[in-house]
Amino acid sequence: MDIKVLNLEDFNINDFSKEDTIDINLFDEDISVFYSYPYYSHKDIDYQFRFSFNDTNVCVDEVKNDNSKDFDSLTILKNLGNIERDLFNEYLLKLIDFRDGTTELIDGIINLNLDLLDTNEKFRIINSNKIYVLYEIYNNFIE
């Protein structure tokens, strides 16, 4: 592998050619990634689900995204597991929560105005929000 050193003092953008570029694939092209709506937001941070699909599995994570950063700032909070794609499709078609395999997902209004609530009420609403955002993204997957 040839490595070229770029001398920025003598660099002229007009002298730059396509042959000088290296294609680096940072993402596996066989994986599709989708994000749910936020189930909780605080200041510039959104908390949401991330679904990564490949041919055989679906990996689901809870993530937080700091929107105040210049670049995407995504942190994985919790890996909720890898689910076989066929099993996930069963959950999807029946609108069943993959987290426990029994809870029926329902439509509802996502409440992100939680700042003035006590901790117990806040957690109760966040849990309801998770069901609502899962319902929404499941319906997007079905379409």
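Distances between placed amide hydrogens fall under 5 Å for THR103 paired with ASP97, all partners being 5 or more residues away or on another chain. The phi torsions of the stretch 78-84, fed into the Karplus equation with coefficients 6.51, -1.76 and 1.60 and a -60° offset, translate into couplings of 7, 8, 8, x, 10, 10, 4 Hz, rounded to whole numbers, with Gly and Pro shown as x.
The mean sequence separation of alpha-carbon pairs under 8 Å and at least six residues apart, normalised by the residue count of the stretch 37-143, gives a relative contact order of 22 percent. Between the C-alpha center of the stretch 49-72 and that of the stretch 105-143 there is a gap of 17 Å.
Backbone phi angles across the stretch 41-48, fed through the Karplus curve with coefficients 6.51, -1.76 and 1.60 (θ = phi - 60°), yield HN-Hα couplings of 9, 9, 6, 9, 10, 9, 10, 7 Hz in residue order; Gly and Pro are listed as x.
Each peptide in 49-59, 111-121, 79-89 gets a packing score, the mean of other Cβ atoms within 10 Å over its residues, and the list from highest to lowest is 49-59, 79-89, 111-121.
Equivalent ellipsoid of the stretch 28-142: semi-axes from √(5λ) of the C-alpha gyration tensor, largest first, are 24, 19, 11 Å.
For the stretch 115-130, the Karplus equation 6.51 cos²θ - 1.76 cosθ + 1.60, evaluated at θ = phi - 60°, returns couplings of 4, 8, 8, 6, 4, 4, 5, 4, 5, 4, 5, 4, 5, 5, 4, 4 Hz by residue, with Gly and Pro reported as x. For SER73, nonlocal amide neighbours, meaning residues 5 or more places apart or on other chains whose placed amide H falls under 5 Å from its own, are ASP66. Residue pairs exceeding 20 angstrom between C-alpha atoms, taken from LYS64/LYS130; LYS94/LYS130; LYS94/LYS122; LYS43/LYS69: LYS94/LYS122.
Bear in mind that the values in this text are calculations on the coordinates, not laboratory data. Quick caveat: nothing in here was measured; it's all calculated off a predicted structure. Here the Cβ is made from the backbone with ideal geometry for all residues, glycine too, and neighbour counts use every protein chain on show.
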